[in-house]
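Comments concern the structure below.
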Amino acid sequence: MRRGGSHSVYNFSSGPAALPAPVMQRARDEFLNFAGTRLSIVETGHRTGAFSAVVAQADADMRALLGLGDDYAVIFLQGGATLQFLMTALNLARDGQHCAYLDTGYWSGKAIATAREVRPVDVVASGAAGGYTQVPSADAWQSFDAAAYLHYTPNETIDGLEFDFVPDTGKVPLVADMSSTILSRPIPVERFGLIYAGAQKNLGPAGLAVVIVRRDLAERAAADVPSQLTYRAHIAAGSLLNTPPTFTWWLVGMTLAWVREQGGLEEMDRRAIARSRIVYAAIDESGGFYVNRINRAQRSRMNIPFGISDDRLESHFLAAAEEAGLKQLAGHRSKGGLRASLYNAMPVAGAEALAAFMRDFAKRNG
Ligand code: PMP
């Protein structure tokens, strides 16, 4: 992607993350003239016809991409995925029901801690003992037949661990935090009761979370849940219970349209496989210079944490990568090391550029 200067720049941020270049170019071109109104999107009312059209189109594109039927509602909300840690528990568990969680890394840990503030939580399996390098095998999960739902994090953004299966929960609703994997592959949506995701990775800029919820589950909240925190209130208000981040919503809409134009989820899947293979190959073929500890079958296609076995070289790596236009490759502050996030907007050429840089760096410093 060319931006500003004559050099290609690739942005490996985990989020807010790279957006598709055509989306940003269109946002720039139309910033002062939104939908032909000669007003900017950022000064346009959220109940105008022009903005209502953005809302309707984003809903339609999300539904088309995921193949959602009328039995699912799509809601756009503020408060990020973090607020959904709370809302899922408050809305879906009632009358003393327990909530079941799979603990597979940093973000599922946050979801568990938040749910525990309001509801009884059972952790039915944890990967903590193994350092979150693999998903605990389903045969070893405790039973959760009486739980309000089973929550899991299909892709752990920080740990770089991605489920290679969709948990089988029988009649218990399945809840997924898809913040860092949504729209990166086709999913059997009918197996999910609720899916949520922060926008700032695969959907657009920061400021919104999307919630896809089966309508019967959205009605489950007990009467003592404050109405602003119920899914049913947001559904009834068409996601406009208060003034939304209109600019973010506009860009989310453009990003959804871009995914459709590119060929939809099959094509996103194909690219995710191609990009991640290229970067993992650079790690695996480095003779131990670079390391990634995740179980191979469950390595994330979206977020690749890695280290240099001589970790004193990591700051040098980051500085040289930055110089080469390979941006934001530092690992999460809780973990250190390096991490390459390869979301939908990352061209395959970006993964190739990173892999070439890694090979060259290893040759020069190995
Ligand atoms: N869940 C996952 C899997 C994430 O990656 C993140 C953000 N990196 C969050 C939750 C938190 O998202 P937010 O900042 O939108 O609350």
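I'd like to know if the range 305-322 contains one or more residues that are under 30 Å from residue 207 (Cβ atoms), open to solvent by less than 50 Å² (accessible area, probe 1.4 Å) and either modelled with pLDDT under 95 or assigned to a loop (DSSP other than H, G, I, E, B) (or both). The answer is no, given that none of the residues of the range 305-322 is under 30 Å from residue 207 (Cβ atoms), open to solvent by less than 50 Å² (accessible area, probe 1.4 Å) and either modelled with pLDDT under 95 or assigned to a loop (DSSP other than H, G, I, E, B) (or both). Show the residue pairs meeting these rules: Cβ distance below 6 Å; 6+ apart or different chains; first residue within the range 112-133 and within 16 Å of residue 158 (Cβ to Cβ) and touching a residue at least 12 places away in the same chain (Cβ under 8 Å); second residue among the basic types (Lys, Arg) and part of a loop (DSSP other than H, G, I, E, B). Filtered contacts from the range 112-133: 133/293. Of these, 73, 113, 89, 125, which one is within 16 Å of the ligand (Cβ to nearest atom) and buried (at least 17 other Cβ atoms within 10 Å of the Cβ)? On inspection, the qualifying residue turns out to be 89. With respect to (1) in a helix (DSSP H, G or I); (2) among the β-branched types (Val, Ile, Thr); (3) under 16 Å from residue 231 (Cβ atoms), the lone exception for residue 75 is condition (1). Kindly indicate whether residue 135 is away from the ligand (no atom under 16 Å from the Cβ), in contact with a strand residue (DSSP E or B) (Cβ under 9 Å, 6 or more places away or on another chain) and of a type in the set (A, V, I, L, M). No.
Of the set (1) at pLDDT below 95; (2) crowded, with 17+ Cβ neighbours inside 10 Å, all apply to residue 103 but (1).
For the range 27-43, the set of residues classified as more than 20 Å from residue 209 (Cα to Cα) and either open to solvent by 20 Å² or more (accessible area, probe 1.4 Å) or within 16 Å of the ligand (Cβ to nearest atom) (or both) consists of 28, 29, 30, 31, 32, 33, 35, 36, 37, 38, 39, 43, listed by residue number. Pairing residues of the range 9-21 that are open to solvent by less than 20 Å² (accessible area, probe 1.4 Å) and within 16 Å of the ligand (Cβ to nearest atom) with residues that are charged (D, E, K, R) and in a loop (DSSP other than H, G, I, E, B), at Cβ distances under 6 Å and at least 6 apart in sequence or on separate chains, gives 17/201. Residue 24 falls short on exactly one of the conditions (1) assigned to a helix (DSSP H, G or I); (2) more than 16 Å from the ligand (Cβ to nearest atom); (3) open to solvent by less than 30 Å² (accessible area, probe 1.4 Å), and that condition is (3).
The values are calculated or read from the model by the stated rules, or taken from the named source; none is laboratory data. Quick caveat, the model's predicted, so the values are computed rather than measured. Neighbour counts are summed over all protein chains in view; Cβ atoms, including those assigned to glycine, are modelled from backbone coordinates with ideal geometry. Protein only, heavy atoms only, side chains kept; ligands, DNA and RNA dropped before computing areas. Shrake-Rupley method; radii C 1.70, N 1.55, O 1.52, S 1.80 Å.
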